[in-house]
Amino acid sequence: MRITVNGRQRDVSSEPVKTLLHVLREDLGLTGTKDGCSSGDCGACTVMLDGRVVNSCMVMVAQADGASVVTVEGIATGGQPAEVLHPLQKAFSQCWSFQCGFCTQGMLVSCYDLLQTNDNPSREDILTAIAGNFCRCTGYQAVVTAVQQAAAEIRTSDAGAQNERA
Amino acid sequence: MNHPDYIAAESIQQALHLKQVHGEDAHVVAGGTDLILRMRDEILAPELLIDLRKISLDRISKHEGGMQLGAYVQIAQLLAHPVIKETYPALAEACRQFAGPPIRNRGTLGGNIINASPAADLLPPLMAYDASLVLESISGQREMPLDQFLQGPGQTRLAPNELLTRIMLPQILANSATSFIKLGHRRSMAIAIVNVCTRISLAKDGSVEQARVVLGSVAPTVIRSQESEARLKGQLLSEDLIEDCARLAADDATPISDVRASSEYRKRMVRVLVRRALTANQSELSGGIAGA
């Protein structure tokens, strides 16, 4: 089986029913993705599969054969290990959007997905996007604050880039 | 978990052939969001998994005034479809309240039907819209109304050599209103305590031509309340009639007590939710603002 993970082709020889979550963590060493409930309830294992958020604990690796996966490790840029944090990651740390951090990577992936199509999300938009991500210590308000801050930063830098081109 | 063989079928014929040869030992993989749990908990131990993702069963199209939905259509796909939202709004609403985004991106319409959970969110609206199912085997196909297909929790009339391939939604009468109400412990990622979906279609004289009162999570399968549907037929909607129907629907419910709620609470909520749903239908049909 062959999966493109964070832009890099990876051959996987595990058994077909092994979950994508466990292949990422155990076979590919990408431990940013967390195993929370293993039953599709908590969202700690959220990744993008062919451009859409999914619970990686609810995907057999054979179902992802030929697909493209983005994990939390693929959100930051600038090589491995990543050197440049995504605006969302910076905002999460600046806004104290996590305490234990176990749900954080899932929140980041869900919000990363949201910002692909919505550069100015409302509180309701954000709460809908993270409806499948449970936090049991910090709560959700600081996440909303961080996502709106990151969206503002992205809008500003996009506007700056456009001005440079003009 | 056991160690089944895994085949991503290249055609519907290949999938049907595999089902013919392997029967109940072969299990279909659609979204996988229920299958993975059942395999891990060893409720299911198939010898062969047949993945349907390469087969074009994910289409939504118009058909004879109604709609035809592929069994592999994902919940998110239904939710995003403008014609579904316009024509079958209660189905779109059930999709909106279905789990959360990651599950909606994987779970399929066919999976929610075949799984046959009494609490399945999509079954009440599908039943309220008189959905029927196309079941195919290597020797042909048959069509069966959804309310005849469901037999019990996890039990259906799908034969071991059959696949559910399409879901047919007929054209809905012109002057119709539907309402779906889900009662859960929270707004997302919740299994329903009670689901209610009602549809009222009015005749030209303003009386009820067709009524559907569908209840979820209060019987071994999703059910239609025969008593309240019969009470509605031919009548003019009124507050008294709606109250009567809400009571009859609660009488038709035979819920169990479980971790989510007691039997008594569920029965009381059927009455409350059917009243609200029918009141919303009445309001919509009289040109007011639906207040579900």
- Message: Can you give me the angle between helix B:239-252 and the longest principal axis of chain B, using Cα atoms only, in degrees from 0 to 90, rounded to the nearest 10?
- Response: 40 degrees
- Query: Among A:ALA131, A:ALA151, A:CYS95, whose Cα sits farthest toward the positive end of the charge dipole of region A:87-161 (+1 at Cβ of Lys/Arg, -1 at Cβ of Asp/Glu, about the Cα centre)?
  - Reply: A:CYS95
- Message: I want the local charge near A:GLU15. Using Cβ-Cβ distances under 13 Å, sum +1 for each Lys or Arg and -1 for each Asp or Glu among the other residues.
- Response: -3
- Message: Between B:SER61 and B:ILE256, what's the calculated FRET efficiency when r is the beta-carbon distance and R0 is 45 Å? Round to 0.05.
- Response: 0.70
- Task: Report the normalised scattering of the protein assembly as shown as log10 I(q)/I(0) at q = 0.08, 0.12, 0.13 Å⁻¹, calculated by the Debye formula with identical scatterers on the alpha carbons.
- Result: -0.51, -1.08, -1.21
- The local net charge around B:LEU122, scoring Lys/Arg +1 and Asp/Glu -1 for residues other than B:LEU122 whose Cβ lies under 12 Å from its Cβ, equals +1
- Query: About the Cα centre of chain B, what is the dipole size in debye to 20, counting +1 per Lys and Arg Cβ and -1 per Asp and Glu Cβ, all else neutral?
  - Reply: 720 debye
- Answer rounded, prolate or oblate for region B:203-292, using the Cα gyration tensor with square roots of eigenvalues a ≥ b ≥ c: rounded when a/c is under 1.5, else prolate when a/b is larger than b/c, else oblate. prolate
- Message: Greater than 19 Å separation of Cα atoms is the criterion. Which listed pairs, B:LYS204/B:LYS233; B:LYS182/B:LYS267; B:LYS62/B:LYS85; A:LYS34/B:LYS182; B:LYS62/B:LYS182, meet it?
- Response: A:LYS34/B:LYS182; B:LYS62/B:LYS182
- Note on the structure: For chain A, the longest principal axis of the Cα atoms and the Cα long axis of helix A:104-117 enclose an angle in degrees, to the nearest 10, of 60 degrees
- In debye, nearest 20, what is the charge dipole magnitude of region A:2-74 about its Cα centre with +1 on Lys and Arg Cβ and -1 on Asp and Glu Cβ, if you could check? 140 debye
- Evaluate the relative contact order of region A:2-74 (contact order divided by residue number), counting alpha-carbon pairs under 8 angstrom at least 6 apart; express in whole percent. 40 percent
- With R₀ set to 51 angstrom, the calculated FRET efficiency between the beta-carbons of A:GLN141 and A:ASP11, to the nearest 0.05, is 0.75
- Query: What Kirkwood hydrodynamic radius do you get for region A:87-161 when you take the inverse of the mean 1/r over all pairs of distinct Cα atoms, in Å?
  - Reply: 12.1 Å
- Query: Residue separation times 0.36 nm, minus the C-alpha to C-alpha distance between B:ARG40 and B:SER286: what's the value?
  - Reply: 83.5 nm
- Message: Compute, for the protein assembly as shown, the length of the dipole vector about the Cα centre, with Cβ point charges of +1 (Lys, Arg) and -1 (Asp, Glu) only. Units Debye, rounded to 20.
- Response: 660 debye
- Mean 1/r over distinct Cα pairs of region A:2-74, inverted to a Kirkwood Rh in Å, yields 11.7 Å
- Task: Please give the contour-minus-distance gain from B:SER263 to B:GLN155: 0.36 nm per residue of separation, less the Cα-Cα distance, rounded to one decimal in nm.
- Result: 36.7 nm
- Message: For A:LYS90, give me every one of the aspartates and glutamates with a C-alpha distance below 16 angstrom, ignoring sequence neighbours fewer than eight places off in its own chain.
- Response: A:GLU73, A:GLU153
- Stretch A:GLN94-A:ARG52 to full length: gain in nm at 0.36 nm per residue minus the Cα-Cα span? 12.4 nm
- Item | Cut-off 19 Å (backbone N to label point 7 Å along Cα→Cβ of B:VAL21), residues of region B:147-181 | B:160-163
- A:GLY106 neighbourhood, Cβ < 12 Å, K/R = +1, D/E = -1, net charge -2
- Task: Return the distance in nm (one decimal) between the two label points of a simple spin-label model at A:THR4 and A:GLU26, each offset 7 Å from Cα along Cα→Cβ.
- Result: 2.7 nm
- Message: Between helix B:263-285 and chain B, what is the angle of the helix's C-alpha long axis to the longest principal axis, kept within 0 to 90° and rounded to the nearest 10?
- Response: 70 degrees
- At 7 Å along the Cα-to-beta-carbon direction for both A:ALA152 and B:GLN171, put a label point, then send me their distance in nm to one decimal. 5.4 nm
- Per-residue ellipticity at 222 nm for chain B, helices alone: DSSP H runs ≥ 4 residues times -39500 (n - 2.57), over residue total, nearest 500 deg cm²/dmol? -9500 deg cm²/dmol
- Item | Share of carbon and sulfur in the accessible heavy-atom surface of the protein assembly as shown [1.4 Å probe, %] | 48 percent
- Message: Taking the Cα centroid of region B:42-106 and of region B:224-281, what is the distance between the two, rounded to the nearest whole Å?
- Response: 28 Å
- Sticking with the crude label model, points 7 Å out along Cα→Cβ, report the distance from B:ARG142 to A:ALA161 in nm, one decimal please. 5.8 nm
- Query: Okay, helix-only estimate at 222 nm for chain A: each DSSP H run of n ≥ 4 adds -39500 (n - 2.57), divide by all residues, round to 500 deg cm²/dmol; what do you get?
  - Reply: -10500 deg cm²/dmol
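The values are calculated or read from the model by the stated rules, or taken from the named source; none is laboratory data. Every value quoted in this text rests on a predicted model; they were computed, and no experiment measured them. Methodologically, a virtual Cβ is constructed for each residue, glycine included, from the backbone with ideal geometry; neighbour enumeration extends over all protein chains shown. Protein only, heavy atoms only, side chains kept; ligands, DNA and RNA dropped before computing areas. Shrake-Rupley method; radii C 1.70, N 1.55, O 1.52, S 1.80 Å.
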